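What follows is a single structure, written as structure tokens, with notes after it.
Coordinate-derived values only; no laboratory data. No experiment lies behind these values; they were computed from the predicted model shown. Neighbour counts run over all protein chains shown; Cβ positions are idealised from the backbone, glycine included.
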Amino acid sequence: MRKNIVAGNWKMNNDLSQTESLLKALQDQKTTSNAEVMVAPTFTNLSQAVSTLKDSNIEVVAQNMHFAENGAYTGEISASMLKSIGVKTVILGHSERREYFNETDELLAKKVDAALAKGMRVIFCFGEELADRKAGNEEAVVGSQIKNALFHLSAAAFRNIVLAYEPVWAIGTGETASPEQAQDMHAFIRQTLANKYGEDVADGVSILYGGSVKPANAEEIFSKPDVDGGLIGGASLKAEDFFAIVNAF
């Protein structure tokens, strides 16, 4: 059975002191939710976060990684480096990586392969831009992003894949896909997986929604049958807001 997951992507926010304060505040929150809870601090604070949260139920994940094991890639981080400090999950393909760092489907396929080869779990992000949505091309865009980066994988590999649908037009804009729009796209994504790998694989993959999820709208979004959680941006930087979203399950 697929899992409910709420993951906080902190992006390029919080120095070490701010990270420690937020981690402490997260530990003080109470929850009865059955959802897996994850946070993704910056690279410089990952090791401290792992240490701080080692006795909690909150998993520390990375925001990105390189496809190479090592070498002359100044400023980059490998899967082995992440695993060496206790990080076992990585976010790949976020729209900001695609837009600002020109990450292509082909590059992301290599990153996915590298992460899986080291036994890591991947939260794979994708989503259409506003022009695609207005033109009615959202399913074609999302379908191609998934197929190009993931459909070379075996069915078994999807045990370590979490999908995150993030309409680019709803990230950090205050705009949110309606619960119905989110459900329609998630159902399309699941059917796309089923067409390639079968119903059992498709039904076992968690599909998260990301894009201006807040305490006020999380419960309605998460109530949809094919929405298995959220990849949370701004609201994950406030412990009370983040756990209000976790508790929406």
Label-point separation (nm) for Gln27 and Arg2, each offset 7 Å from Cα along Cα-to-Cβ? 3.3
State which entries of Lys24/Lys238; Lys111/Lys147; Lys3/Lys224; Lys147/Lys224; Lys88/Lys118; Lys88/Lys110 exceed 21 angstrom in Cα-Cα distance in the structure shown. Lys147/Lys224
222 nm [θ] for the chain, helices only, -39500 (n - 2.57) per DSSP H run of 4+, per residue, to 500? -12000 deg cm²/dmol
Residues of the range 149-163 with backbone nitrogen within less than 20 Å of a virtual label 7 Å along the Cα-to-Cβ line of Glu199, please, listed as ranges. 155-156, 158-159
HN-Hα J in Hz across the range 28-42 - Karplus 6.51, -1.76, 1.60, θ = phi - 60°, x for Gly and Pro: 7, 6, 10, 8, 10, 5, 8, 6, 5, 10, 9, 9, 10, x, 5
Order the peptides 224-232, 133-141, 108-116, 42-50 from the highest to the lowest mean number of other Cβ atoms within 10 Å of their residues. 224-232, 108-116, 42-50, 133-141
Amide hydrogen neighbours beyond the local backbone of Val162, cut-off 5 Å, H modeled: Val122, Ile123, Phe124
Mind computing the radius of gyration and Dmax over the alpha-carbon atoms of the range 1-134? Å is fine for both. 15.6, 46
Round to a whole angstrom and tell me the spacing of the C-alpha centers of the range 138-216 and the range 61-105. 20
Where chymotrypsin sites (Phe, Trp or Tyr not before Pro) fall in DSSP loop in the range 87-175, at most 14 other Cβ within 10 Å: Phe101, Phe151
What are the radius of gyration and Dmax of the range 102-249, computed over its Cα atoms and given in Å? 15.0, 40
Name the residues whose placed amide hydrogens come within less than 5 Å of the amide hydrogen of Ile232, ignoring near sequence neighbours (fewer than 5 apart) on the same chain. Ala7, Gly8, Asn9
Whole-Hz Karplus couplings 3J(HN,Hα) for the range 221-238, θ = phi - 60° and coefficients 6.51, -1.76, 1.60, Gly and Pro as x, run 5, 6, 6, 6, x, 9, 9, 9, x, x, 9, 9, x, x, 5, 7, 8, 10
With R₀ set to 35 angstrom, the calculated FRET efficiency between the beta-carbons of Thr74 and Ala155, to the nearest 0.05, is 0.40
Listing Glu103, Glu180 by rising number of other beta-carbon atoms within 10 angstrom, fewest first, gives Glu180, Glu103
